[in-house]
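The values are calculated or read from the model by the stated rules, or taken from the named source; none is laboratory data. Not measured: the values here are computed from a predicted model. Backbone-built Cβ (ideal geometry, glycine too); neighbour counts: all protein chains shown.
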Amino acid sequence: MDTGPQTWHHGLVARWWAEFNLEGPEIEYFRRVVVESGEPALDVACGAGRLLVPYRRAGLDVDGCDISADMVAHCRERLRVEGLEANLFVQPMHELKVPRRYRTIVVCGGFGIGSTRAQDLQALDRFHDRLEPGGTLILDKEAPYADQARWRYWLSDERRSLPEPWPPHGDRRRAAGGEEYGLRVRLAALDPLDQVMTYELEASMWRGGALVAEEEHRLTERMYFRDELVTMLVRAGFAEVQVFGGYSDRPARADDDILVFSARKGIGGPSSGPAP
């Protein structure tokens with residue numbers, strides 16, 4: 001039985017991400033972190049390069065890794081089109097084994113996606129290992145209660161109505177090449193004890209008005225509360241753990257939907273060298 005991390009970010013979904021997922025406040029926020037914390041930097045779960053491509057365009061020394069070979073291929077193509085290059089690796093984050101260490105590691109939107117709790121702990125250990133002494137890890141995580149419509153499914157009576165019905169239309173967009181892509185997502189199950197939400201997704205592509213491809217995927221997302229993830233970071237050896245609200249410099253508040261965790265590796269030990 002396959003117990004490795006799962007992802008739906010391949011095939012049509014990877015094309016969707018490469019075409020349409022290009023913006024967001026995270027880009028400038030994490031760019032500033034890289035500039036202030038130092039280079040080289042590693043963009044974990046880099047996807048099709050939403051952060052990495054503009055960072056390389058700005059001349060920052062940033063590598064990227066992602067579990068999806070399709071997403072990495074799209075990232076490499078976007079770099080090529082702009083005459084840019086970057087070191088890119090196809091690896092799950094809990095098996096991270098890259099040839100150098102970093103001043104900054106960024107994990108934007110990828111932590112807890114398709115993984116087990118043990119794999120998430122391993123990922124934090126790998127991040128700690130791949131940082132230079134004094135280096136910074138920065139990662140974001142949506143609070144479990146952020147989606148009010150789905151927070152109710154943590155209650156047993158509400159969970160009996162799962163899976164959710166499919167949205168009637170979903171999201172359909174036209175790509176630069178003229179083809180159209182559609183996505184529909186629903187919550188299929190929620191395990192409050194394991195803090196896991198299971199989603200189902202349907203992806204479609206039309207060309208000239210005719211449906212030419214369809215895919216179905218299933219993905220889990222593991223939810224973490226603030227103090228739980230702080231404890232995991234400390235267990236992995238990090239110090240100076242801070243939690244910010246949204247993509248800001250202020251401490252997190254109860255009303256924040258997005259929590260940003262910043263942690264430093266202590267001083268001491270080798271600052272460079274190959275992965276063990």
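Brief remarks follow.
- Qualifying residue in the range 181-197 (condition: within 18 Å of the chain's Cα centre (by Cα), under 22 Å from Ser161 (Cα atoms) and among the charged types (D, E, K, R)): no
- Pick from the range 234-245, criterion touching a Phe, Trp or Tyr at 6+ places or on another chain (Cβ under 9 Å) and free of Cβ contacts under 8 Å to residues at least 24 places away in the same chain, ranking: farthest from Gly266 (Cα to Cα): Phe244
- Taking the criterion of being of a type in the set (A, V, I, L, M), assigned to a strand (DSSP E or B) and farther than 22 Å from His128 by Cβ, the only residue of the range 246-264 that qualifies is Ile258.
- Residue match in the range 176-186 (condition: buried (at least 16 other Cβ atoms within 10 Å of the Cβ) and touching a residue at least 40 places away in the same chain (Cβ under 8 Å)): yes
- Sole residue being surrounded by 13 or more Cβ atoms within 10 Å (Cβ to Cβ) and over 27 Å from Asp256 (Cβ atoms), chosen from Ser204, Ser161: Ser204
- Members of the range 201-220 found to be farther than 20 Å from Phe20 by Cβ and within 18 Å of the chain's Cα centre (by Cα), listed by number: Arg218, Thr220
- Here Asp140 qualifies as of a type in the set (Asp, Glu) and either surrounded by 20 or more Cβ atoms within 10 Å (Cβ to Cβ) or in contact with a Pro (Cβ under 7 Å, 6 or more places away or on another chain) (or both).
- Any hit, the range 162-181, residues being at pLDDT 95 or above and among the small types (Gly, Ala, Ser): no
- Lone qualifier among Ala188, Ala176, Ala236 - being touching a Pro at 6+ places or on another chain (Cβ under 6 Å) and among the small types (Gly, Ala, Ser): Ala188
- When we screen Thr231, Thr198 for residues that are free of Cβ contacts under 8 Å to residues at least 40 places away in the same chain and within 23 Å of Val33 (Cβ to Cβ), the only hit is Thr231.
- Restricting attention to the range 66-78, the residues that are surrounded by fewer than 24 Cβ atoms within 10 Å (Cβ to Cβ) and either touching a strand residue (DSSP E or B) at 6+ places or on another chain (Cβ under 7 Å) or assigned to a strand (DSSP E or B) (or both) total 3.
- Remark: pairs (first residue in the range 96-113, at negative phi and of a type in the set (Phe, Trp, Tyr); second residue surrounded by fewer than 22 Cβ atoms within 10 Å (Cβ to Cβ) and in a loop (DSSP other than H, G, I, E, B); Cβ separation under 9 Å; 6+ apart in sequence or on different chains) = Tyr102/Gly38; Tyr102/Glu39; Tyr102/Pro40; Phe111/Tyr224.
- For the residues Val81, Val90, Val62, Val98, the requirement of being assigned by TED's automatic domain parsing to the domain that holds Ile113 and farther than 23 Å from Arg130 by Cα singles out Val81.
- For the residues Ala48, Ala86, Ala123, the requirement of being in contact with a Leu (Cβ under 9 Å, 6 or more places away or on another chain), outside any helix (DSSP H, G or I) and closer than 26 Å to Asp257 by Cβ singles out Ala48.
- Flag for Arg235 being surrounded by fewer than 17 Cβ atoms within 10 Å (Cβ to Cβ) and charged (D, E, K, R): yes
- Restricting Ile113, Ile105 to those that are under 18 Å from the mean Cα position of the chain (by Cα) and crowded, with 21+ Cβ neighbours inside 10 Å reduces the list to Ile105.
- Pair list, Cβ under 9 Å, 6 or more apart: the range 143-160 residue touching a residue at least 24 places away in the same chain (Cβ under 8 Å), other residue of a type in the set (Ser, Thr, Tyr) and surrounded by 13 or more Cβ atoms within 10 Å (Cβ to Cβ): Ala143/Tyr224; Pro144/Tyr224; Trp154/Tyr145; Arg159/Tyr153
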